[in-house]
Amino acid sequence: MSNPKEKPETRRLPMMPIRDVVIFPHMMTPFVVGRESSVRALEDAQTGSKQIFLATQHDASIDEPRPEDIYQVGTIANVVQSVRMPDGNIKVLVEGVERAKIVSVSEEDGFYRVLVRTAPSKTQNESGLEPLTTRVTSLFEQYVKLSQNVNYETMIAAIRVDEPGKLADTIGANLQLTIEEKQELLEIFDPIGRLGRIGDLLDIEIEKLNVDRTIQGRVKRQMERAQKEYYLNEKIKAIQKELGRGEKSEFDELRKKIDSSGMSGDARDKAIAELRRLEQMPPMSAESTVSRNYLDWMLAVPWKKKTKEIRDLRFAEEVLNADHYGLEKIKERILEFLAVRRLVKNPKGSILCFVGPPGVGKTSLGMSIAKATGRKFVRLSLGGVRDEAEVRGHRRTYIGALPGQVIQMMKKAGTRNPVFMLDEIDKMSTDFRGDPSAALLEVLDPEQNFMFMDHYLDVEYDLSEVFFIATANVMHTIPPALQDRMEVIRLSGYTEIEKMEIARRFLVPKQMKGTGLDEAQVKFEDAGLMSLVQGYTREAGVRNLEREIGNVCRKVARRLVNTQSEAEAASGAKQDVEKLRKLSADPEVVETDEAHEVAPAPAEFQQVVVSDTRVSELLGPARFRDLAASRKSEVGTANGLAWTEVGGQLLTTEVTIMEGRGRLMTTGKLGDVMQESAQAAMSFVRSRAAMLGLPKDFYRHLDIHIHVPEGAIPKDGPSAGITIATTISSALTKLPVRGDLAMTGEITLRGKVLPIGGIKEKLLAAHRHGIFEAVLPMDNEKDLVDVPENIRKDMKLHFVESMDEVLNIALVGDLQTLRDRAAAGQSVELATSQPIEENRTH
């Protein structure tokens with residue numbers, strides 16, 4: 001036994017921070033060194049005294065710890081052995097010598113060198129040492145007997161030491177403690193104090209082991225009981241079979257259900273095979289639960305049940321007209337579908353895709369179709385779905401596996417021929433789990449969906465009689481292969497007249513019912529509804545219109561309740577304020593089916609007539625001004641028309657000219673195609689300089705700035721070509737552009753006007769903004785079939801083939817005079833700037 005030190009001493013050693021381990025003195029510990037700073041510290045120790053200071057990090061996740069990230073107390077250790085491994089790391093074996101505390105830290109050659117102070121190891125008070133040592137040794141023997149993680153003989157031999165400090169360190173190193181608890185033991189320099197702490201920890205660990213043993217014994221007894229019950233159940237079955245009392249078992253019931261379910265041949269064979277497997281399994285096993293769930297799903301899916309269709313075209317037309325106003329093309333398509341069902345015995349299921357802006361009635365139209373045809377209706381929202389298993393399901397090998405949403409919805413419908421709505425099909429996404437849109441290719445293909453294969457059922461299921469209806473706001477996010485499988489029907493925005501009719505027929509009664517009002521209390525005039533449409537909403541659909549009508553109804557309801565309160569106060573009825581305060585502090589719980597008392601309207605309450613003036617009183621000033629009154633002819637400003645995902649929009653284009661070097665600037669967050677349209681328009685104007693009365697080199701000393709408000713909204717597309725060319729021509733010739741005229745069309749370098757899309761939406765936008773005259777490409781005349789008749793009657797449309805026609809219509813002034821003056825050598829005097837009034841839609 002070495003002589004204990006009586007005085008502390010200091011040493012200067014390389015330090016290696018270690019993670020997830022605490023090294024105790026007298027312990028041999030192997031670990032791997034990989035960090036560059038640690039490798040350098042180890043090499044320095046090996047070239048010197050072969051001693052190194054090992055201290056544990058506070059946070060093991062820090063790769064390059066600072067001194068403050070390392071515990072101050074560690075262990076001085078001898079490097080016994082080190083071996084460099086093929087991956088560049090070093091496996092090292094160290095032997096702890098004694099604990100020490102850091103005095104100072106310095107950084108040298110990429111590692112830390114520390115000055116440490118050791119503590120005297122001599123025990124100050126040895127009077128109570130022997131009984132403490134005996135107690136700790138006895139407790140550790142109990143711990144080793146109870147623990148299954150350490151070898152009994154090895155541990156008992158290891159603690160046969162005379163030094164109390166070495167005994168404490170040996171036991172502490174072999175206890176299952178946290179890093180923080182082991183570090184706490186390492187920081188106790190007094191051997192008696194360390195032994196006392198070891199005794200306390202051993203008491204806690206022995207108590208934990210006793211509790212674990214009790215729980216294990218209880219679980220074992222429960223398992224033995226379950227096995228005993230299974231054995232007795234099997235014996236009872238065997239006895240009953242011998243006595244000829246074979247009672248109707250659960251398996252017989254399942255077999256009858258399989259036989260009567262109407263499954264296909266392959267599906268029935270698979271279900272019977274699974275039932276036989278289930279019969280052979282122990283009822284308490286996990287596999288039996290999986291098989292039983294599979295059979296329950298096979299029986300829950302409709303194999304032969306169908307709803308009787310309503311094929312009366314007159315009834316279907318009445319239902320569709322009662323639920324929706326307008327939408328004639330879609331109603332015609334549905335009635336055609338029903339007509340075919342009457343003539344063909346087993347027609348294939350239809351797959352439609354309604355595409356249109358929000359709020360135009362796509363989802364509700366699917367519900368009306370189900371009502372008109374007498375089918376069940378189910379809806380699956382695909383917005384945000386990114387897992388292919390949502391469509392096809394998971395295989396049964398996964399824990400908690402379920403069929404895909406298609407099969408789940410078929411179970412919910414309970415019939416083979418429901419109306420199945422795939423809502424928001426354009427908002428699916430893709431990630432590492434697969435592409436759900438690819439899985440839908442099989443579902444929405446009439447040539448394949450009669451043998452749809454779900455991963456969970458793993459048998460073919462017939463979807464050919466399902467009426468699939470998909471809805472989307474835009475088409476460009478739907479994969480082309482999926483688009484090809486659907487018949488696309490576009491729903492455009494409603495006109496103001498259609499919105500007013502929808503409000504009168506559907507929205508007003510719905511909101512009146514929702515707010516507890518009747519016709520005796522509120523009445524909406526046509527002028528009031530039109531004021532709501534024009535002044536408080538700007539949308540293609542009617543959702544915001546419904547909100548505003550609901551807002552009006554709530555304000556009327558509040559006036560009604562205030563009148564009731566005033567009538568009660570006038571009649572002498574007093575409310576118990578103290579009781580109300582108690583209810584507010586401690587709400588009273590009542591039964592949910594308890595009827596709610598509705599107070600009758602007082603006789604003093606006068607009907608609120610919602611006129612155009614009353615709307616502004618209730619809702620405040622109009623949010624959108626009447627643009628028809630503010631349109632005036634200005635130089636360098638023209639009204640373009642644009643298509644957006646939520647319908648058409650008016651697009652004001654502004655141009656100003658300044659002294660410069662011939663630059664063309666575009667602002668307003670324009671896309672690449674729109675910027676190219678601006679360049680094409682500028683090239684056209686330069687080629688027509690003589691016809692516009694401009695000098696040939698007019699562009700050399702001017703900068704032209706094109707801006708399209710609103711600046712924060714991205715814009716793109718070629719349809720603004722003629723608008724930009726007209727605006728540039730106006731700014732250069734100082735001839736105003738008609739403010740009551742809108743235009744749209746693509747321009748070529750030769751001045752030809754090419755057709756564009758979205759004619760219906762664009763004309764609806766112009767009409768909505770109070771502009772009743774428009775310039776359109778000649779090739780778009782055929783698209784007027786889709787434009788509502790009242791819009792065609794109200795608007796004057798000019799169909800043009802060249803840019804010269806556009807300028808003759810749009811510019812206020814005589815172009816011929818400019819040409820004559822140019823021929824006489826008198827060019828237009830170019831202004832270098834024009835103040836342009838801001839003229840945008842609010």
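Just a few scattered comments:
- Residue-span extension gain [Lys752 to Lys793] - 0.36 nm each, minus C-alpha spacing: 12.0 nm
- Extension gain, Lys427 to Ile179: 0.36 nm times the residue separation minus the Cα-Cα distance gives 84.3 nm.
- R0 of 41 Å, Cβ-Cβ distance Val785-Ala712: FRET efficiency to nearest 0.05: 0.70
- Sorting 806-814, 396-404 by their mean Cβ neighbour count within 10 Å, with the most densely packed peptide first, gives 806-814, 396-404.
- Proximal lysines to Lys782, defined as alpha-carbon separation beneath 25 angstrom and excluding residues fewer than eight positions away on the same chain: Lys329, Lys331, Lys752, Lys760, Lys762, Lys793, Lys796
- Quarter the surface of the alpha carbon convex hull of segment 675-759 and you get the mean projected area, 6.3 square nanometres.
- Of every Cα-Cα pair in segment 639-792, the percent that sits beyond 22 Å: 39 percent
- Per the Debye calculation on segment 43-147 with a single equal scatterer at every Cα and no solvent contribution, log₁₀ I(q)/I(0) for q = 0.11, 0.13, 0.16 Å⁻¹ amounts to -0.56, -0.73, -0.94.
- With each label modelled as a point 7 angstrom along the Cα→C-beta vector, the Asp804-Met284 pair spans 9.8 nm.
- When shorter helices are ignored and each DSSP H run of at least 4 residues is given -39500 (n - 2.57), the per-residue value for the chain at 222 nm works out to -13000 deg cm²/dmol.
- Hydrophobic, long helices, defined as DSSP H runs whose alpha-carbon span along the helix axis is 27 Å or greater and whose mean Kyte-Doolittle value is at least -1.0, occur in the chain at 191-243, 543-570.
- Over segment 428-577, volume per residue of the alpha carbon convex hull, in Å³: 255 Å³
- Calculated FRET value between Gln564 and Asp312, using beta carbons and R₀ = 51 Å, to 0.05: 0.60
- The Rg/Rh ratio for the chain is 1.16, where Rg is the radius of gyration of the alpha carbons and Rh is the Kirkwood radius.
- Taking label points 7 Å from Cα along the Cα-to-Cβ direction, Asp814 and Arg35 give a separation of 9.1 nm.
- Between Glu9 and Arg386, full extension at 0.36 nm per residue minus the direct alpha carbon distance yields a gain of 129.1 nm.
- Amide N of segment 285-310 lying under 15 Å from the label point, which is placed 7 angstrom from the Cα of Arg221 along Cα→Cβ: none
- Nearest-0.05 FRET efficiency for Thr397 and Ala60, computed from C-beta distance (R0 41 Å): 0.65
- The distance between label points at Arg623 and Glu332 comes to 3.5 nm (points 7 Å beyond Cα on the Cα→Cβ vector).
- Heavy atoms of the protein chains alone define the surface here; on that basis the chain has 53 Å² accessible area per residue at 1.4 Å probe size.
- Fraction of accessible area attributable to carbon and sulfur, segment 624-760 (%, probe 1.4 Å): 52 percent
The values are calculated or read from the model by the stated rules, or taken from the named source; none is laboratory data. Computed from a predicted structure; not experimentally measured. Ideal geometry is used to build each Cβ from the backbone, glycine not excepted, and the neighbour counts take in all protein chains shown. Ligands, DNA and RNA are excluded from the accessible area calculation, which covers all protein heavy atoms including side chains. Shrake-Rupley method; radii C 1.70, N 1.55, O 1.52, S 1.80 Å.
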